[in-house]
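Taken together, the values in this text are just the output of simple stated rules run on the coordinates, not laboratory data. For clarity, every value in this text was computed on a predicted model and none was experimentally measured. All Cβ positions, even for glycine, are placed from backbone atoms using ideal geometry, and neighbour counts span all protein chains on display.
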Amino acid sequence: MIRIRLFLIVAVLAIIISAFLITFTWTMPREGKTYEITPSPSRPTSPPPQPSPVSTSPPSPLSSKPPSKLGGKEYGLVEYEKYFYTIVWIPCDCAGEKGLATMVIYPKQPRYEEGAPVVVTSQGGHTPGKIQPPPPDFDPHGIVWIEFLFPGGRMEGFESGGVFDYGGRACIEALYTVLQYAQGRISNTAGKRISDYVNYPILTDNVGVIGNSNGGNIAGQVFARYREGLEGVNYVIFYETPAGDHYVLGDLGRIGDDPNRLEDADGDGIPWDDARNLKYIEGSCDETSCQIDFSTLAYDPTVGFYLDNNGDGKPNYVGRYPRVRTDVDGSGALEPDEDFIFMALNVNLEDRRRLVYSYLVTKAAWDKGLFQNVPEDVMRPDEALKFWLDREICYHYDEISQNMPWLKVMQLGFMEDHVQATRDHPHVVINYNAFKKRGHWVRLNPDKSYIEHLAGVKPSVKENHANIDLTFDNVVRHLLLFRDVRLIIQAAVLEMADRTQLNNWSEDLDRVLILEESTPPQPSCRYEIEVVEGYLVTAPNHNKLYVRIYQPKTSLYDAKFPAVIYSGGGRG
């Protein structure tokens with residue numbers, strides 16, 4: 001009996017201890033070290049404090065209370081090996097009382113002895129964006145990285161005030177305001193400036209912008225609209241920005257409509273272009289428009305404007321709108337007698353749902369008299385033009401050059417675009433040349449030395465000098481086959497920040513200008529990241545074959561890996 005009682009007592013104690021341990025573990029922070037920051041009194045008119053000597057750690061936390069995402073002041077600090085981040089709210093009329101939710105990633109060590117430069121990401125797509133902290137092993141390479149939610153954006157409990165306007169005036173004001181914060185000109189809602197979170201100098205005169213896809217259009221609008229307040233912004237990086245509403249909506253063809261990007265179904269040697277608009281006249285684009293044969297343009301109440309290429313008076317497609325394909329014969333590629341459906345942007349403006357096509361499509365439909373049977377919620381040409389004038393960079397190159405003649409440009413372009421299905425890559429060629437012809441320093445893709453430095457290997461990369469002649473005919477020879485997009489963007493940032501710091505705008509580099517002494521490149525085996533390269537190979541029968549090579553990203557050259565050859569179908 002005594003043994004039974006002892007056994008029960010021990011069992012009860014074990015249950016109590018286990019419950020305590022589970023509760024304690026559950027309440028601990030799950031990623032990094034997280035601290036609450038106590039807001040300091042607001043001081044919007046005071047100058048930024050003089051920085052202290054460089055330190056390898058963020059300021060000590062002032063409170064041990066758990067952080068709150070709903071306070072609208074500060075969240076964090078969240079600390080990892082090479083960086084820490086905090087989320088703050090930046091006051092802006094565009095974001096109401098809440099402000100703009102902004103993530104600031106600080107390196108443990110600045111890139112230069114003088115301090116850390118800053119880069120701000122203008123996010124793409126047709127949404128307010130996202131705040132997504134980097135993985136724990138992220139290396140900021142001594143640079144302060146900033147991401148933010150456009151007005152009306154919400155993610156994981158973080159929220160920006162205001163209303164999202166699809167890249168319009170509110171988004172433009174938001175990016176401009178965040179750039180003011182990046183340049184140390186204004187305080188956040190906790191009364192602190194960007195330099196108040198670290199013990200090293202922030203180089204507020206070495207600020208850049210990443211125009212991530214459609215985010216490049218918003219950046220262009222900022223540069224065109226503001227004549228003052230951007231003096232510390234020295235460069236912009238365009239990641240395949242659709243520099244025109246006809247690119248934004250995929251009027252020339254969308255790579256996502258290709259049923260199989262690995263299969264060259266149309267036999268032209270390019271596997272990802274099988275959904276291109278065959279009525280687009282290649283090489284015809286200028287800064288604001290492209291030539292499309294609209295002779296078969298028609299309207300249908302279900303799909304909207306489309307090219308009735310078989311002339312049967314109705315759209316032919318498989319699937320259910322809007323998820324449809326017009327490759328009705330299942331060949332894997334569009335053919336001249338198959339229809340092409342144009343996309344529209346569905347927007348909510350002033351509590352009214354509207355559909356807006358590109359000005360190119362809208363004007364063609366108007367000229368053909370198609371609007372007689374089109375509902376009023378579809379914007380007419382004057383409305384569409386007004387809408388896109390507020391959102392597209394292509395209409396404002398002159399204003400950008402007038403306001404920011406010092407602006408340097410890095411244009412990123414890959415052989416396989418992330419949206420466009422065009423073979424002549426007009427959005428890359430036009431945007432590049434628009435800045436080049438106005439006297440700006442322009443380079444297509446980062447220097448090879450920076451790519452190799454970050455990759456840890458020497459991938460096959462085509463390197464372009466700055467300010468080369470880029471045309472519809474030669475662009476393919478200058479695009480990247482290396483498909484690690486994040487690495488390429490990071491390489492572009494490092495190169496542009498280093499060039500800005502050293503005022504080195506030579507046409508080409510033979511090495512990385514600045515290597516961080518504290519973080520020398522270390523050989524590593526990172527199988528989770530894929531290096532993708534592609535080649536056009538001429539077969540003995542003179543047909544062109546597109547060959548892709550996938551390999552683990554590793555510096556362990558002694559390792560042996562199996563090889564698999566994938567044989568796709570098609571007519572090539």
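Structure summary
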quantity: Cα gyration tensor shape for the stretch 222-361, rounded if a/c is under 1.5, else prolate or oblate; calculated: prolate
quantity: Contour minus Cα-Cα distance for residue 368 and residue 113 (0.36 nm per residue); calculated: 85.5 nm
quantity: Mean Cβ count within 10 Å, highest first, over the residues of peptides 431-437, 328-334; calculated: 431-437, 328-334
quantity: Peptide ranges 203-212, 103-112, 309-318, 264-273 listed from the most packed, as the mean C-beta count within 10 angstrom indicates; calculated: 203-212, 103-112, 264-273, 309-318
quantity: Filter on 279/368; 408/436; 130/436; 436/458 - keep pairs with C-alpha separation over 21 Å; calculated: 130/436; 436/458
quantity: Gyration tensor verdict on the stretch 354-428 (Cα atoms; rounded if a/c is under 1.5, prolate if a/b is larger than b/c, oblate otherwise); calculated: oblate
quantity: Distance between modelled label sites at residue 97 and residue 337, nm, 7 Å Cα→Cβ extension; calculated: 6.5
quantity: Amide H contacts under 5 Å for residue 300, placed H, 5+ residues apart; calculated: 305, 306
quantity: Highest average packing first - 134-141, 479-486, 492-499, 274-281, Cβ atoms within 10 Å; calculated: 492-499, 274-281, 479-486, 134-141
quantity: Efficiency of FRET between residue 473 and residue 399 - r from beta-carbon atoms, R0 45 angstrom, step 0.05; calculated: 0.90
quantity: Projected label distance in nm at residue 382 and residue 325, using a 7 Å step from Cα toward the beta-carbon; calculated: 4.3
quantity: Amide H contacts under 5 Å for residue 408, placed H, 5+ residues apart; calculated: 235, 236
quantity: Additional length obtainable on full extension of the chain from residue 228 to residue 81, 0.36 nm per residue less Cα span; calculated: 49.1 nm
quantity: Lys/Arg +1, Asp/Glu -1 at C-beta; the stretch 317-449 dipole; positive extreme among 418, 428, 342; calculated: 428
quantity: Pair residue 295, residue 154: separation of 7 Å Cα→Cβ label points (nm); calculated: 5.2
